[in-house]
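Some notes on the structure that comes next.
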Amino acid sequence: MQKSGIYILLVENKRLLCHALVWGIPFAMSCVLGWRLVQEGTVFGRGGSAAAYVGSLLLFLLETTVLFVPAAVFAAVVMCGGVRKRGEGLQGIARGKERGLSSAVSGKAQEARQRPVWQAWLFYSLLIFLCWLPVFLAYYPSVFAYDAEGQLYQVLAADYSTHHPLLHTLFLGAFFRLGIARGSVSAGMAVHSVVQMALMACAFGWAVSFLYQRRVSGRVRAALLLFFAVFPANSVLALSTTKDVLFAALVLVYTLWLYRVACSQGPGSGRNTAHGQSEKVGGKEMAACVFWAVLMLLFRNNAVYAFVVSAPVVYLGLGGRTQGEESGGRNAARSGLARKRYLYMTLLTLVLYGICAFSLKAITHAQNGSPREMLSVPLQQMARTRVKAEEKIEPSMRQELEKYIPSEWVFAAYNPHLADPVKNRAVIHDDPAGLIRTWIRLGLAHPAIYIDAFFDNSLGLWYLWDTSHAEIYGIGTESGFGYLSTDNRVMPAGFEVEEHSLLPELRAFMEKIVSDNAYRKIPLLRLLFAPALYGWLLYLYIVTAFYRKKYREALPVVFLAAYGLTLLLSPTVLVRYIYPMMVTIPVILPCLMLDEK
């Protein structure tokens, strides 16, 4: 009986095995820790005595060992580009080289038949936009939810704050004012929905045409097109007033432009293009990358931190060799030029962002946002300690805690998956330094509770079977809360945004999915809705790039990874936070798989 090619590769290719375990072991650990946290309330298991904790540790190791085997096999399949029968593994690559001449000839014939990229972009964008139109009519005039109420109150009062990105507040406010001028705020928000739909459809259409230009399989492009056009998160969020929608599109476009800049420096690096020739990075590509980067930073406050963290990593990574390159003077000169270009791009991006941010703040006379957002996790840890171990806290420490999170409300307010109730009521302005000192002292006394608090608050980001992220604010069609928020926020009299569904049956169907969370009843498809899936796919992309020695192809997603790490410190886990990963990873993953024969 023939054994599968993946088994042969795992046995014979120790390097593949090591990289598969690098992904499989952390994934298996997340499954075990997540299950424990949900079922037992702690990642440490039910203990009490030293023997119980030892037994819990041994059980954890056993469960992780059982789970990491299939996880590693899955990772190895992805790294090898699919399952092969015996003789189709490493030997298949040699046969692929023998077919190189005929492939080149057929490639030229295909190039002659291929339409211009702009036509593909237009076709994909129009198709996505048309697929969203029924959803727009169902939710007419818009999904007026999330932070729209607070942002538009700033517009009405001309009292701006940097708590939300100023550029998005002004963008949203422009359509709100248009509606006021036309005598119908709802009409203004309908225009906002159409404009945002068009922008998102153009971004997604350009992403699919990006794969078309690189001759990615038509089936892969069709699947991606179906994902963009039909997946409920995309169609509903395209109408939503949250800042994360346009930010996600900007992250997608910036990542693909950075891919062109970072992965087109060496010989043969452009072999995935429609013409089979190496792409040359010029001023146009660099200017486009800077432009989209500046817009991206202006649409999300925490994106700046991720950009600053990722920039040195990308700079250092550009000095490495790509697969197929040989060391030497030419390669060193090419790497040095790539680094210099990226350094100029980064500095120019930060300078332009600083000028734009300062100008927007000066023009609107905006006040600085509250630092509470950065204290979400520490406040959650302190609150959980009071709730779980109030009697074990020393009296002097309890007295200190009363100054920041009083017992009169903390026990009722604490939610393990949402920091807002504690964060919004905690007293931090009088003595922030004292708060930090108290947080450190309390953590040294109760480290296990602090660890549980951190994992519970970020559960949806790393546990694939988490359901808390879809129940943060409640669940149900009546409330409009669930996987996505579709509730209509209340505005002052005379400025209301009135719902008027033109396709009520379609809206009821969509609400069952995004508010009643009916997607959970679909066995495999439900995983597409899980925020953690896209984080693990991002990690798999990076590990696969290292396995294939395509180090530069890992550089475009460094910002995305850094942004994901900032989400670990967020007050909760919402789909809109992870949305940039949801729309970017499915596009860039096929680029990495393209050259594997």
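The values are calculated or read from the model by the stated rules, or taken from the named source; none is laboratory data. Note that the structure is a prediction, hence the values are computed from the model and not measured. Note: ideal-geometry Cβ built from the backbone for every residue, glycine included; neighbour counts use all protein chains shown. When the accessible area is computed, the model is the full protein with side chains, heavy atoms only, and any ligands, DNA or RNA have been set aside. Shrake-Rupley method; radii C 1.70, N 1.55, O 1.52, S 1.80 Å.
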### Message
For region 566-585, give me each residue that is open to solvent by less than 20 Å² (accessible area, probe 1.4 Å) and either closer than 18 Å to Gly474 by Cβ or among the hydrophobic types (A, V, I, L, M, F, W, C) (or both).
### Response
Leu567, Pro571, Thr572, Val573, Leu574, Val575, Arg576, Ile578, Met581, Met582, Val583, Ile585
### Filter result for Leu464 (part of a loop (DSSP other than H, G, I, E, B) and within 27 Å of Ser30 (Cβ to Cβ))
yes
### Message
Among the residues that make up region 173-194, is at least one of them in contact with a helix residue (DSSP H, G or I) (Cβ under 8 Å, 6 or more places away or on another chain), buried (at least 20 other Cβ atoms within 10 Å of the Cβ), under 30 Å from Val117 (Cα atoms) and among the hydrophobic types (A, V, I, L, M, F, W, C)?
### Response
no
### Test result for Gly434, at pLDDT below 90, surrounded by fewer than 13 Cβ atoms within 10 Å (Cβ to Cβ) and not charged (D, E, K, R)
no
### Query
Among the residues of region 474-493, how many are buried (at least 19 other Cβ atoms within 10 Å of the Cβ) and among the hydrophobic types (A, V, I, L, M, F, W, C)?
2
### Query
When you look at Ile449, is it hydrophobic (A, V, I, L, M, F, W, C) and within 30 Å of Tyr539 (Cα to Cα), yes or no?
yes
### Query
Taking the condition modelled with pLDDT of 95 or more and either open to solvent by 10 Å² or more (accessible area, probe 1.4 Å) or under 30 Å from Lys361 (Cα atoms) (or both), does His164 pass?
no
### Message
Whether any residue in region 494-504 is within 23 Å of the chain's Cα centre (by Cα) and surrounded by fewer than 15 Cβ atoms within 10 Å (Cβ to Cβ) is what I want to check.
### Response
no
### Task
Determine whether Glu478 is among the acidic types (Asp, Glu) and assigned to a helix (DSSP H, G or I).
no
### Query
From the list Gln323, Gln277, which one is surrounded by fewer than 19 Cβ atoms within 10 Å (Cβ to Cβ), farther than 16 Å from Glu553 by Cα and modelled with pLDDT under 95?
Gln277
### Task
State which residue pairs qualify: first residue more than 19 Å from Val245 (Cβ to Cβ) and inside region 173-197, second residue part of a helix (DSSP H, G or I) and of a type in the set (Phe, Trp, Tyr) in any location, beta carbons under 9 Å apart, and separation of 6 or more residues or different chains.
Val185/Phe176
### Task
Return yes or no: is Ala508 part of a helix (DSSP H, G or I) and crowded, with 19+ Cβ neighbours inside 10 Å?
no
### Task
Test each condition in (1) under 21 Å from Ala303 (Cβ atoms); (2) modelled with pLDDT of 95 or more for Gly150 and report the one that comes out false.
(2)
### Where Ser335 falls short, out of the listed (1) at pLDDT below 85; (2) of a type in the set (Gly, Ala, Ser); (3) exposed (fewer than 15 other Cβ atoms within 10 Å of the Cβ)
(3)
### Message
Pull out all pairs, ordered by first then second residue, where Cβ-Cβ is under 7 Å, the residues are six or more apart or on different chains, the first lies in region 220-233 and is under 22 Å from Phe509 (Cβ atoms), and the second is not in a helix (DSSP H, G or I).
### Response
Ala233/Leu484
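Among the residues in region 18-40, are any over 30 Å from Asp456 (Cβ atoms) and either out of contact with any Phe, Trp or Tyr (no Cβ under 8 Å at 6 or more places or on another chain) or modelled with pLDDT under 85 (or both)?
Going through region 18-40, the residues over 30 Å from Asp456 (Cβ atoms) turn out to be 18-19.
Filter again for either out of contact with any Phe, Trp or Tyr (no Cβ under 8 Å at 6 or more places or on another chain) or modelled with pLDDT under 85 (or both), leaving 18.
Within region 18-40, one or more residues are over 30 Å from Asp456 (Cβ atoms) and either out of contact with any Phe, Trp or Tyr (no Cβ under 8 Å at 6 or more places or on another chain) or modelled with pLDDT under 85 (or both).
Here are Leu126, Leu156: which of them is open to solvent by 40 Å² or more (accessible area, probe 1.4 Å), over 23 Å from the mean Cα position of the chain (by Cα) and at pLDDT 95 or above? Break it down into steps so the answer makes sense when it comes.
Numbers: Leu156 fails: at pLDDT 95 or above.
Answer to the check: Leu126.
If we scan region 53-63, do we find a residue that is among the charged types (D, E, K, R), modelled with pLDDT of 90 or more and under 26 Å from the mean Cα position of the chain (by Cα)? So that I can check it myself, show each step before the final result.
Going residue by residue through region 53-63, those that are among the charged types (D, E, K, R) are 63.
After this cut, where a residue has to be modelled with pLDDT of 90 or more as well, the list is 63.
Retained after the next criterion (residues that are under 26 Å from the mean Cα position of the chain (by Cα)): none.
No: zero hits.
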### Query
Do you know which of the residues in region 373-412 that are under 28 Å from the mean Cα position of the chain (by Cα) and open to solvent by 40 Å² or more (accessible area, probe 1.4 Å) is modelled with the highest pLDDT?
Met374
### Query
Are any of the residues in region 91-101 surrounded by 13 or more Cβ atoms within 10 Å (Cβ to Cβ), modelled with pLDDT of 75 or more and part of a helix (DSSP H, G or I)?
no
